[in-house]
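For reference, the structure I am asking about is given below.
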Amino acid sequence: LGITEINYSPTLEPGVVRGAGPRPIGHTLGQTEYEGDVSLLLEEFNALVTQLGPAWMTVPFDIIVTYDESGSGLSTIVDTLGGCRVTKVEASNSSDSTDASTRKLTLKYLTLLLNGVDPMPAQPTIPQ
């Protein structure tokens, strides 16, 4: 495939709960952020843009990342980035390089499953 690199990093930043004294007494649940980037060969980038269509930076899509060490005895790992949107595009080209032309996409995404497990707490819901 034409993906040369992918990076993703979920964060959960808890707040600090304080009472009348100087020491913290707990943490709030916090706010979740999902950010990452993916580098694609130019041909793969063009295919993605064509598939997403006009205003493609506003169209959400999922990315499934599979780590497979066939023959090593290790398990296959599958991570899923859900609701990805492209927030930035960087082009990389050089006339004196033997490397293929690429595009690096900065991503924001809404959900993440690391080998099928959500690392974040569930969204609160209104009881019915």
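The values are calculated or read from the model by the stated rules, or taken from the named source; none is laboratory data. Quick caveat: nothing in here was measured; it's all calculated off a predicted structure. Here Cβ is always computed from backbone atoms with ideal geometry, including for glycine, and neighbour counts include all displayed protein chains. Calculation scope for accessible area: heavy atoms of the full protein, side chains included, ligands and nucleic acids excluded. Shrake-Rupley method; radii C 1.70, N 1.55, O 1.52, S 1.80 Å.
Quick test of your reading of the structure: Thr106 fulfils all but one of (1) open to solvent by less than 70 Å² (accessible area, probe 1.4 Å); (2) more than 18 Å from Ile3 (Cβ to Cβ). Name the failing condition by number.
If we test Thr106 against (1) open to solvent by less than 70 Å² (accessible area, probe 1.4 Å); (2) more than 18 Å from Ile3 (Cβ to Cβ), just (2) comes out false.
Now a separate question. Quick check on Ser101: is it open to solvent by 80 Å² or more (accessible area, probe 1.4 Å) and among the hydroxyl-bearing types (Ser, Thr, Tyr)? Before you say what the answer is, go through the steps one by one.
Details: open to solvent by 80 Å² or more (accessible area, probe 1.4 Å): no; among the hydroxyl-bearing types (Ser, Thr, Tyr): yes.
So Ser101 fails the test.
List every residue pair whose Cβ atoms lie under 8 Å apart, where the two residues are 6 or more positions apart in sequence or sit on different chains, the first residue falls within region 5-19 and is not in a strand (DSSP E or B), and the second residue, located anywhere, is not polar (S, T, N, Q).
As it stands, the answer is Pro14/His27; Pro14/Leu29; Pro14/Gly30; Gly15/His27; Gly15/Gly30; Gly19/Ile25, since those pairs meet every condition given.
Looking only at region 42-88, how many residues end up being open to solvent by 60 Å² or more (accessible area, probe 1.4 Å) and not in a helix (DSSP H, G or I)?
19
Only residues that are of a type in the set (A, V, I, L, M), more than 20 Å from Gly83 (Cβ to Cβ) and modelled with pLDDT of 95 or more: list them for region 26-40, please.
Within region 26-40, none qualify.
Residue by residue, here is whether (1) at pLDDT 90 or above; (2) touching a helix residue (DSSP H, G or I) at 6+ places or on another chain (Cβ under 6 Å) holds:
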position	(1), (2)
Val49	yes, yes
Ser75	no, no
Lys88	yes, no
Arg103	yes, yes
Lys108	yes, no
Leu112	yes, no
Gln128	no, no
